[in-house]
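Asks: Okay, handing you the structure first.
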Amino acid sequence: MKVLLVDDEHELVSTLAERLYLRGIQADWAISGEEALTLAEKNTYDVAVLDVKIPRISGLELKRRLQAGSPATKFIFMTGHGSEDDFKNCAAETGEGCYLVKPVNIEDLIRKMNELMKGSGD
Amino acid sequence: MTVWKKLKPKFWDYVDSAAGPFAHLFNFRRIWRLAVLLTVGVALVPLIAITAIDYQVTQKSIESEIALRTSRMVSNTRRAVFFFLEERRAALDFIVRDNSFEDLNDPERLQTVLANLKSSFGGFTDLGVIDPLGYQRSYAGPYKLEGIDYSGQAWYLDVLERGIHISDVFPGFRQVPHLIIAVKHELGSGTHFVLRATLDTERFNHLIAHPEIAGGGDAFLINREGRLQTPSLMHGKVLDTISLPVPAFSANTELIEMEDRQRQPNVIGYAYIEDTPFILMIVKSKDDLMKPWYKTRLQLMGFLAGSITIILAVILGVATYLVNKIYLADQKRLTMLHQVEYSNKMATIGRLAAGVAHEINNPLAVINEKAGLIKDLFSMREECARDEKLMNTVNAVLSSVERCAKITRRLLGFMRNTGVTMEPLNLKETIQEVLAFLNKEAEHRSLHISVHMDEDVPQVTSDRGRLQEIFLNVINNSFAAMQDGGHLEVTVKRSKQDMVSVTIRDDGCGIPKADLERVFEPFFSTKTGKGGTGLGLSITSGLVQELGGDIRVESEVGKGTSFTVIFPVQPKKKE
């Protein structure tokens, strides 16, 4: 499973990527939408974990663009805010289950990713 | 005073200390006073004015009617007296014309004439014939009066001058009041003689003292000096001088008002009777005359007093009722205002809290990952993995992060207002689902939990998530308040019309009275420093209100607390 992590918090994504790696999941990370798009051009990811609020390109916008390049990619939104608007928008985009509020328990994240992968496999 | 306490309207002592510069708008006593004064003024001023005018007009008309009646009576009586005397004068005139001087000088003839006069007119006492020199030449009557010389007497001079004389009433020899009428007759040869008759005043008196004339008053004749010529009821006997002043001469009937000696007002009608020394006077007590007016006046005053009493009662009643209504409406408005203020406060705090939570969540996520990474790395190295102190420290950091996350999530939940989804629910099941969450803790602390639901509780339509959050929050509070082995009772009852009440009673430590009012306020917590955010019950209260319900709390320190959540069976339609 190949994962792309996007969050403007460098320490967060880098550490999360490292922890996923320790658990046998290959994870690339980006701290902006542009970086993420560049990475996505070179690689194909099974799952993309996106922060809702990142500078310039919003999480939702980024999701659409990534999906355009790779329709098979699954998406999980991660947010620190959890406002009603956020929740509604993300739920409309990916379904209620794929919306996590920070701080995220890594086991929960992995479980969610596995669920998504399994769903796509069916 | 107790009556006043009972009657005193609710708004009477109300002071809105929060109204500031608009306090006058909420001074209900002032509004009431103004309303009462204005309506009383508008209602009573015209009534009193009309009554006063009516009073004046009626009084005047009664007075003028009295005046008219009295003056008509005076004038009629005057004419009667005048005709009475005129009749007798005409009779004498006829005698002197019908009989020659020589005939009348015959005493027998004169006796016959007197007898005729007595039988046809009555009242004549005697007759005398006076020659041109003033001597009484012949006389018919009870006295010996032949030969008396009248030439120097005033009445004789008067009759010579005017041809007629009617005397005042005088007692005469017999001490019987009488008067004389004398007529002069010119004989062709430039000489003359006078016929003189004496009349007793009995008929005269009868004429005046007729009860119809007096009409409860006094009617009499006086002469120009004020001496009574006929008897009076209240002003003395014949020939007494009356206490009233002699009225001024007037050719017509006159009416004056005058106080008598007892200072009682009298109405006096009088008339000078022409060619006589007499003045006719009718004196009536004004009070007697005005008696019908006094009765009318009493009725008028009674009507006015009655009307004023009724008007005042109605105005006071209506003003009090209306101002009370305004007061109650204002109280309702105030309650609503406070509610709006409260929800605004909640919303502001919610927004603030959500903002803070968001800001904290990002660094918290970093700490979470870093600590997680440290733990991962330690777990991979055997010597570290075995170092209990190290692992405990990392775990402590992670569990603290978890606690922080819980708090921020609650704050976010406080803000989040996802759409309400209504569905039919069995309350007992819903509550049992909530209790399932807490079963472990309950077992661990050997808490006794019982749920009782009355059979008549209907199925409710409500938001499951919200209801569960409400119950969870309240039960969590109860758990925190109870010692191990405590008791928790959940009772579901049908409340008044279409409402259901869920009472959650514990036998925990209870809430002090001072805190009881504040338990639903955001950030009010007694568990400060022990992980309480002070948001649980305020969120609960907000949720209950969203469902159209109400939450109440009763508590006694040391005995326990009971929270009652009341909410509608069917969701209220939004207006």
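The values are calculated or read from the model by the stated rules, or taken from the named source; none is laboratory data. Bear in mind that the values here come from a model prediction, so they are computed numbers and not experimental data. Methodologically, a virtual Cβ is constructed for each residue, glycine included, from the backbone with ideal geometry; neighbour enumeration extends over all protein chains shown.
Asks: Looking for something aliphatic (A, V, I, L, M), within 27 Å of residue B:539 (Cα to Cα) and within 12 Å of another protein chain (Cβ to nearest Cβ) - is there at least one such residue anywhere in the range B:374-386?
Replies: No, every residue in the range B:374-386 fails to be aliphatic (A, V, I, L, M), within 27 Å of residue B:539 (Cα to Cα) and within 12 Å of another protein chain (Cβ to nearest Cβ).
Asks: Can you pull out the residues in the range A:7-49 that are more than 14 Å from chain B (Cβ to nearest Cβ) and in contact (Cβ under 8 Å) with a residue 40 or more places away in the chain?
Replies: Listed by number, the residues that qualify are A:43, A:44, A:45, A:46, A:47, A:48.
For (1) closer than 26 Å to residue B:199 by Cα; (2) loosely packed, with under 13 Cβ neighbours inside 10 Å; (3) out of contact with any Ser or Thr (no Cβ under 8 Å at 6 or more places or on another chain), each residue gets a yes or a no:
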| site | (1), (2), (3) |
| --- | --- |
| B:228 | yes, no, no |
| B:241 | yes, no, yes |
| B:253 | no, no, no |
| B:261 | no, yes, no |
| B:273 | yes, no, yes |
| B:279 | yes, no, yes |
| B:285 | no, no, yes |
| B:288 | no, no, yes |
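Asks: Look at residue B:125 and say whether it is closer than 27 Å to residue B:281 by Cβ, touching an Asp or Glu at 6+ places or on another chain (Cβ under 6 Å) and in contact (Cβ under 8 Å) with a residue 40 or more places away in the chain.
Replies: Judged against the criteria, residue B:125 is a match.
Yes/no matrix, rows are residues, columns are (1) acidic (Asp, Glu); (2) more than 24 Å from residue A:13 (Cβ to Cβ); (3) in contact with a His (Cβ under 9 Å, 6 or more places away or on another chain); (4) in a helix (DSSP H, G or I):
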| site | (1), (2), (3), (4) |
| --- | --- |
| B:344 | no, yes, no, yes |
| B:362 | no, no, no, yes |
| B:368 | no, no, no, yes |
| B:372 | no, no, no, yes |
| B:383 | yes, yes, no, yes |
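Asks: Also, I was wondering about something else. Does the range A:80-94 contain any residue that is modelled with pLDDT of 85 or more, surrounded by 13 or more Cβ atoms within 10 Å (Cβ to Cβ) and either away from chain B (no Cβ under 14 Å) or touching a helix residue (DSSP H, G or I) at 6+ places or on another chain (Cβ under 6 Å) (or both)?
Replies: Within the range A:80-94, none of the residues are modelled with pLDDT of 85 or more, surrounded by 13 or more Cβ atoms within 10 Å (Cβ to Cβ) and either away from chain B (no Cβ under 14 Å) or touching a helix residue (DSSP H, G or I) at 6+ places or on another chain (Cβ under 6 Å) (or both).
Asks: If you go through the range B:77-96 one residue at a time, do you hit one that is surrounded by fewer than 18 Cβ atoms within 10 Å (Cβ to Cβ), in contact with a strand residue (DSSP E or B) (Cβ under 8 Å, 6 or more places away or on another chain), in contact (Cβ under 8 Å) with a residue 12 or more places away in the chain and polar (S, T, N, Q)?
Replies: So far as the range B:77-96 goes, no, none of its residues is surrounded by fewer than 18 Cβ atoms within 10 Å (Cβ to Cβ), in contact with a strand residue (DSSP E or B) (Cβ under 8 Å, 6 or more places away or on another chain), in contact (Cβ under 8 Å) with a residue 12 or more places away in the chain and polar (S, T, N, Q).
Asks: So, in the range B:287-306, of the ones that are over 21 Å from the mean Cα position of the chain (by Cα) and in contact (Cβ under 8 Å) with a residue 60 or more places away in the chain, which residue ends up nearest to residue B:264 (Cα to Cα)?
Replies: Taking the candidates together, the pick is B:288.
Asks: Specify which of the listed residues (B:309, B:335) is within 54 Å of the chain's Cα centre (by Cα), modelled with pLDDT of 85 or more and exposed (fewer than 13 other Cβ atoms within 10 Å of the Cβ).
Replies: Criteria check complete, one pass: B:309.
Asks: A further question follows. I'm trying to understand the selection: among the residues of the range B:33-64, which are touching a residue at least 60 places away in the same chain (Cβ under 8 Å) and more than 16 Å from the chain's Cα centre (by Cα)?
Replies: Within the range B:33-64, B:51, B:54, B:55, B:58, B:59, B:62, B:63 qualify.
Asks: To continue, here is another question. Among the numbered conditions (1) in a loop (DSSP other than H, G, I, E, B); (2) touching a strand residue (DSSP E or B) at 6+ places or on another chain (Cβ under 8 Å); (3) of a type in the set (D, E, K, R), tell me where residue B:263 comes up short.
Replies: (2)
Asks: For residue B:146, state whether it is modelled with pLDDT of 90 or more and exposed (fewer than 15 other Cβ atoms within 10 Å of the Cβ).
Replies: Values: modelled with pLDDT of 90 or more: no; exposed (fewer than 15 other Cβ atoms within 10 Å of the Cβ): yes.
Here the answer is no, as residue B:146 does not meet what is asked.
Asks: Sticking with this structure for a sec: Might you let me know whether the range B:358-370 holds any residue that is out of contact with any Asp or Glu (no Cβ under 9 Å at 6 or more places or on another chain), more than 10 Å from every other protein chain (Cβ to nearest Cβ) and surrounded by 17 or more Cβ atoms within 10 Å (Cβ to Cβ)?
Replies: no
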